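Working notes for the structure below.
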Amino acid sequence: MNIDKQVELLMQGTAYGDEDLKKSMTAELRQRLLEAEKEGRQLRVYCGFDPTSTDLHLGHTIPMHKLRQFQDLGHDVTFLIGSYTALVGDPSDKNKARPVLTEELVAENARTYADQAFRVLDRQKTKVRYNGEWLSELSLLDLIRLGQNFTVQQFLARENFSKRLETGEPIYLHETFYALMQGYDAVAMQTDVQVGGTDQLFNIIVAGRKLQEALGQKPLVGVITGILPGTDGVQRMSKSTGNVIPINTDAEDMYGKVMSLPDFAMSTYYRLATRFTPHEIDEIEKEVSSGKMHPRDAKMKLAYEITGIFYGEQAARPAQESFVRTFQQKEVPDEMPEFSMQKGQTVLDVILAAGLAESKSEVRRLLDQKGVRLDGETLERGDVVFPHTGVLQVGKRRFVRVK
């Protein structure tokens, strides 16, 4: 693959919020690739993941896909676990301070992170490191010297900080340390390219590049990926909103969740969560737009691809066949009872009120066994507000149409 095509692939799905910045990073990436090719070396590429919880969802894997693209092009990729940055808590895209985690909880959360990441990354080609290796060695004097490269105004100008300042929400001093710590990660690993979501723009483009330059290194290239919306197609994927596609699930569940996406979200998912090239995605979109391909078929292609990434084609194929049998060949009965839900009712409330289970404990057992589905999508939590109207299936034979 020539350099121009590499740049096109690596910049697919990026989002900087500023066209001039994107052009600048694109030009720097092209130059860095040319230099590496001329010198016969690999680029040093990394992305950091703070183990603030135990499970990763599809949204977390978007920068991993970008790392995999760099891997497939022959570059040196590091999966960095933020064992020390997680102790501070990233204030990016937050309207209040994150809770401070203990070292024991961070270690427990981090235990399975790498194994989950290897569903996307090449295990044999991936370096796994913990930023406690170098951050734990910094002295107070070191931290002061790092801080000399920034002004308080730079931090207060960040959107999330400025909003908190306006509303009187406290901004704690330790939150400003996070950008310094992440910037120092880039210095410690002599990074050429750092990948991260749009919420990491300040930490990568300002902190990382500035500290590298101040400490005599060439400033890194920031490859900033877009943020994947959840299954509603609108809000950012998050456990708190219940719109996640977990990667620690099964092929049928993942396939069904992707098929539940609204049509307008397909383009974003194709560009962020698949292995298709920009040209291939353009062709799919043209066929859908012209009517040559039905949107349902494009979504099935998308669901098959995403499921195949995490579970392989051997699992993706029967997952697709099961979906077709159930929802296209009408294994769902044509006639079923109807239930009118009330505003604010939870999943558990609806199941009990509709007479689909006899007790809360039975509902919880069914949820744990992945025996509750809404329009084919597995529901995992009973305490969230019922997502939307549709066909609710509990167990194998109990159906109700929720209005």
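The values are calculated or read from the model by the stated rules, or taken from the named source; none is laboratory data. Everything quoted here is computed from the prediction, not taken from an experiment. For neighbour counting, all protein chains shown are included, and Cβ atoms are generated from backbone atoms with ideal geometry for every residue, glycine included. Just the protein is used for accessible areas: all its heavy atoms, side chains included, with ligands, DNA and RNA removed. Shrake-Rupley method; radii C 1.70, N 1.55, O 1.52, S 1.80 Å.
Annotation: average projected area of segment 230-379 is 10.3 square nanometres, based on the convex hull of Cα atoms across all directions.
Exceeding 32 Å between C-alpha atoms, which entries from my cross-link table qualify? They are 22/301; 299/370; 127/370; 127/239. Violating the 32 Å Cα-Cα cut-off are 127/370. The charge dipole of the chain, taken about its Cα centre with unit charges on the Cβ atoms of Lys, Arg (+1), Asp and Glu (-1) only, comes to about 260 debye.
Note on the chain: with a GNM built from Cα contacts shorter than 10 Å, the maximum mean-square fluctuation among 23, 38, 370 falls on 38. Listed by chain and number, the lysines placed with their C-alpha closer than 24 angstrom to that of residue 23 are 5, 38, 66, 210, 218; residues fewer than eight positions away on the same chain are left out. Taking +1 at the Cβ of each Lys and Arg and -1 at the Cβ of each Asp and Glu, which of 238, 279, 224 sits farthest along the dipole of segment 217-320 towards its positive end, judged by Cα position relative to the Cα centre? In segment 217-320, that residue is 224.
Within the accessible surface of the chain, defined with a 1.4 Å probe on protein heavy atoms only, the carbon and sulfur portion equals 49 percent. Within the shell of other residues whose beta carbon sits under 15 angstrom from the beta carbon of residue 145, the net charge comes to -2, with Lys and Arg scored +1 and Asp and Glu -1. The mean accessible area for residues of segment 258-310, using a 1.4 Å probe and ignoring ligands and nucleic acids, is 46 Å² per residue. Between residue 130 and 81, the built amide H atoms are under 5 Å apart, and every one of these is 5 or more places off in sequence or on another chain. Of all the options 368, 232, 199, the one that moves most in a Gaussian network model of the chain with Cα springs shorter than 10 angstrom is 368. Cross-link partners among lysines for residue 403, C-alpha distance below 21 Å, same-chain residues fewer than 8 apart left out? Result set, ordered by chain and number: 257, 330, 343. Between the alpha-carbon centres of segment 372-403 and segment 224-303 there is a gap of 21 Å. Summing Cβ point charges (Lys, Arg +1; Asp, Glu -1) relative to the Cα centre of segment 354-397 gives a dipole of roughly 160 debye. All other residues whose Cβ lies under 11 angstrom from that of residue 61 are scored, Lys and Arg at +1 and Asp and Glu at -1, for a net of +3. Taken about its Cα centre, segment 205-339 carries a charge dipole of roughly 780 debye when the Cβ of each Lys and Arg holds +1 and the Cβ of each Asp and Glu holds -1. Of the options (1) 71, 55, 46; (2) 71, 49, 39; (3) 64, 44, 33, only one is Cα extents along the principal axes in Å as computed from these coordinates, and that is (2). Residues whose amide H falls under 5 Å from that of residue 230, counting only those 5 or more places apart or on a different chain, are 235, 236, 237, with hydrogens built in the peptide plane.
Accessible surface calculations at 1.4 Å, restricted to protein heavy atoms, place segment 119-241 at 49 Å² per residue.
Placing unit charges on the Cβ atoms of the charged side chains and taking the dipole of the chain about its Cα centre, the candidate lying farthest along the positive direction among 262, 336, 348 is 336. Computed from Cα atoms alone, the Kirkwood hydrodynamic radius reported for segment 210-271 is 14.0 Å.
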